[in-house]
Amino acid sequence: SFALFGGTTSGTATADLRQSTPSVGLTAAVKGLAVGQAMQAFTGKQDVTGTLTFNLDVNGKGLDWKTLAPGLGGKGNVSIVNGEAKGFNLIPPGLPNVAPVPVNFPIKSLSSSFTISNGILNTKDIALNSPMMTAAGGGTANLVTQWLSMNIRFLVAGQPPQHPLIIPGPLSMPT
């Protein structure tokens, strides 16, 4: 366990090298990490602030991604509380009967749990709670093909109806 950006991080990694294709595992926990400080250190900007909690428990076989990804399995969860998102245009401008949403908005909570089976991450409970809007959704991230497919529904405060945001595309640059 060690301190990291105001929080604590702990984890264990295992590898059984007795087999021709080694079994590997990773368990990690992050509690109380200051997201803004971490983003500033890695990107030079604080696009998201708040306090992060993250848990991961995964296992698979292989020592390189091409071998490991197809059999990767496990579970995890992530949450950010008491923060702010800066510069995100989540609701496209010009939708009928929808007031524009500021690109900076407070985050009361943003959370999701996920499972990974055969290299496919699946989440059904993405949830955003903000005074400006709420959002809920889920989808998949195929870690083998590097393809993302998410469907999130937004409800802007005081504005019916919900607006879907479908996010398909490569993990490196979803559309």
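The values are calculated or read from the model by the stated rules, or taken from the named source; none is laboratory data. Here the structure is a predicted model, which means the values were calculated and not measured. Neighbour counts run over all protein chains shown; Cβ positions are idealised from the backbone, glycine included. With ligands, DNA and RNA removed, areas are computed over all heavy atoms of the protein, side chains included. Shrake-Rupley method; radii C 1.70, N 1.55, O 1.52, S 1.80 Å.
Residues checked against (1) in contact with an Asp or Glu (Cβ under 8 Å, 6 or more places away or on another chain); (2) buried (at least 18 other Cβ atoms within 10 Å of the Cβ); (3) closer than 23 Å to residue 36 by Cβ:
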{"residue": "109", "(1), (2), (3)": "no, no, yes"}
{"residue": "116", "(1), (2), (3)": "no, yes, no"}
{"residue": "119", "(1), (2), (3)": "no, yes, no"}
{"residue": "126", "(1), (2), (3)": "no, yes, yes"}
{"residue": "141", "(1), (2), (3)": "no, yes, no"}
{"residue": "146", "(1), (2), (3)": "no, no, no"}
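Total residues in segment 9-33 satisfying the condition of being open to solvent by 70 Å² or more (accessible area, probe 1.4 Å), under 21 Å from residue 75 (Cβ atoms) and not charged (D, E, K, R): the figure is 4.
Could you tell me whether residue 26 is modelled with pLDDT of 95 or more, of a type in the set (A, V, I, L, M, F, W, C), under 25 Å from residue 127 (Cα atoms) and part of a strand (DSSP E or B)? If you could, list the steps in order and put the result at the bottom.
Numbers: modelled with pLDDT of 95 or more: yes; of a type in the set (A, V, I, L, M, F, W, C): yes; under 25 Å from residue 127 (Cα atoms): no; part of a strand (DSSP E or B): yes.
Spelling it out, it is not the case that residue 26 is modelled with pLDDT of 95 or more, of a type in the set (A, V, I, L, M, F, W, C), under 25 Å from residue 127 (Cα atoms) and part of a strand (DSSP E or B).
What's the number of the only condition in (1) surrounded by 15 or more Cβ atoms within 10 Å (Cβ to Cβ); (2) in a loop (DSSP other than H, G, I, E, B); (3) at pLDDT 85 or above that residue 159 fails to meet? Going through the list (1) surrounded by 15 or more Cβ atoms within 10 Å (Cβ to Cβ); (2) in a loop (DSSP other than H, G, I, E, B); (3) at pLDDT 85 or above, residue 159 breaks only (3).
Identify, from the list 151, 97, the residue that is open to solvent by 60 Å² or more (accessible area, probe 1.4 Å), modelled with pLDDT under 95, among the polar types (S, T, N, Q) and assigned to a strand (DSSP E or B).
Numbers: 97 fails: assigned to a strand (DSSP E or B).
It is 151.
Scanning segment 60-75 for residues that are closer than 28 Å to residue 7 by Cβ and either in a helix (DSSP H, G or I) or touching a helix residue (DSSP H, G or I) at 6+ places or on another chain (Cβ under 9 Å) (or both), we see that the one that is most open to solvent (accessible area, probe 1.4 Å) is 65. Quick check: anything in segment 69-90 modelled with pLDDT of 95 or more and over 19 Å from the mean Cα position of the chain (by Cα)? Within segment 69-90 (the criterion being modelled with pLDDT of 95 or more and over 19 Å from the mean Cα position of the chain (by Cα)), the answer is yes, since at least one residue qualifies. State which residue is nearest to residue 75 (Cα to Cα) when the search covers only segment 113-140 and only residues that are assigned to a strand (DSSP E or B) and polar (S, T, N, Q). It comes out as 115.
Filtering segment 76-87 to residues that are open to solvent by 20 Å² or more (accessible area, probe 1.4 Å), in contact with a Leu (Cβ under 9 Å, 6 or more places away or on another chain) and within 16 Å of residue 134 (Cα to Cα) leaves 79, 80, 81.
A Cβ distance below 7 Å, combined with a sequence gap of six or more or placement on separate chains, defines the contacts here; from segment 44-71, residues that are over 20 Å from residue 145 (Cβ atoms) and touching a residue at least 60 places away in the same chain (Cβ under 8 Å) reach residues that are open to solvent by 70 Å² or more (accessible area, probe 1.4 Å) and not charged (D, E, K, R) in the pairs 50/82.
Return the residues of segment 1-23 that are closer than 29 Å to residue 62 by Cβ, of a type in the set (Gly, Ala, Ser) and not in a strand (DSSP E or B); say none if nothing qualifies. If you could, list the steps in order and put the result at the bottom.
Residues of segment 1-23 closer than 29 Å to residue 62 by Cβ: 1-2, 4, 9-23.
Cutting the leftovers down to of a type in the set (Gly, Ala, Ser) gives us 1, 10-11, 13, 15, 20, 23.
Listed by number, the residues that qualify are 1, 20.
Take the conditions (1) over 20 Å from residue 79 (Cβ atoms); (2) polar (S, T, N, Q); (3) surrounded by 13 or more Cβ atoms within 10 Å (Cβ to Cβ); (4) within 18 Å of the chain's Cα centre (by Cα); residue 37 misses just one of them, which is (1).
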